[in-house]
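Since the structure comes first, as structure tokens, the remarks are kept for the end.
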Amino acid sequence: FRGTSRTFNSYNQGDVRVDYTYGSKDRFMAHYGQAEGLDGYSQYPVPAFFHNGSKYPDKIFVVSNIHTFSSSLVNELRAGYSRIRWEQGNPIDTSGAFGLHGNQTVGICGLVASNPCTPQLFQGFSAQNVDGLNTPGNPAGGTNFIDNTFHYTEALTWSHGHHNSKAGVEFVRYQQNNFYPGNDGALGNFSYHGAFTSNPAAGGAGYSVAD
């Protein structure tokens, strides 16, 4: 089957910064930045054959305050936060027909004993592997990486004579939250290889489509 497909790549970024001087001894700064990259398919000949897309939303926020005690003694307090998130290989439902109930829509149930047709975490429906045919559905093998960084610093600078001395403290906290469903994916897959049927025209060999 041949038809028209369309892919897309986009990247958007924005920053805003505010500087404020209050009194004669204090300066305040705040900065926020955000970026998001996207790629994937917006059109595919047969929507049942889901393809993968990725999203990369990043955020950063920083505030600082500089206080001048005297012409020779200055203190800076700074706090920052950054969040980097990579959502790679998520299945894309270009048809819009499957949504979060894909397996239920095509009659695949029994994945959860207490609720046989519970909605799935990812869009689409489980991959269907049939010998000799392309694989409809998607095992939902997307990988998500989330990295949060919290950064706090305080630095005191002292100018005396021919010397410049600096002392301070720094605290950094790293937080990671990763999701990797493995090769079978979050939705899993069904494989049909003719193990339970036979095809007399092929000498009794199993027929995967009948399976």
Response to the item:
When residue 150 is run through (1) outside any strand (DSSP E or B); (2) aromatic (Phe, Trp, Tyr); (3) open to solvent by less than 100 Å² (accessible area, probe 1.4 Å), the failure sits at (1)
Worksheet item: Take the residues of segment 48-87 that are small (Gly, Ala, Ser) and outside any strand (DSSP E or B): which is farthest from residue 162 (Cα to Cα)?
Response: 48
Item to complete: Kindly indicate whether any position in segment 158-172 is in contact with a Lys or Arg (Cβ under 7 Å, 6 or more places away or on another chain) and at pLDDT 80 or above.
Response: no
Practice prompt. Check segment 25-47 and report whether any residue there is closer than 21 Å to residue 185 by Cα, in a loop (DSSP other than H, G, I, E, B) and within 21 Å of the chain's Cα centre (by Cα).
Written response: no
Worksheet item: For the subset of segment 38-75 comprising residues that are over 15 Å from residue 85 (Cβ atoms) and aromatic (Phe, Trp, Tyr), which member is most open to solvent (accessible area, probe 1.4 Å)?
Response: 69
Discussion item. Exactly one of these conditions fails for residue 35: (1) surrounded by 12 or more Cβ atoms within 10 Å (Cβ to Cβ); (2) at pLDDT below 95. Give me its number.
Written reply: (2)
Worksheet item: What pairs can you find where one residue is in segment 1-16 and over 14 Å from residue 92 (Cβ atoms) and acidic (Asp, Glu), the other is modelled with pLDDT of 85 or more and in a strand (DSSP E or B), and their Cβ atoms are less than 8 Å apart, with a gap of 6+ or different chains?
Response: 15/31; 15/32; 15/33; 15/34
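The values are calculated or read from the model by the stated rules, or taken from the named source; none is laboratory data. Just so it is clear, the structure is predicted and the values come from calculations on it, not from any experiment. Glycine also receives a Cβ, built like all others from the backbone with ideal geometry; neighbour counts cover every protein chain displayed. In case anyone asks, the SASA skips ligands and DNA or RNA and just uses the protein heavy atoms, side chains included. Shrake-Rupley method; radii C 1.70, N 1.55, O 1.52, S 1.80 Å.
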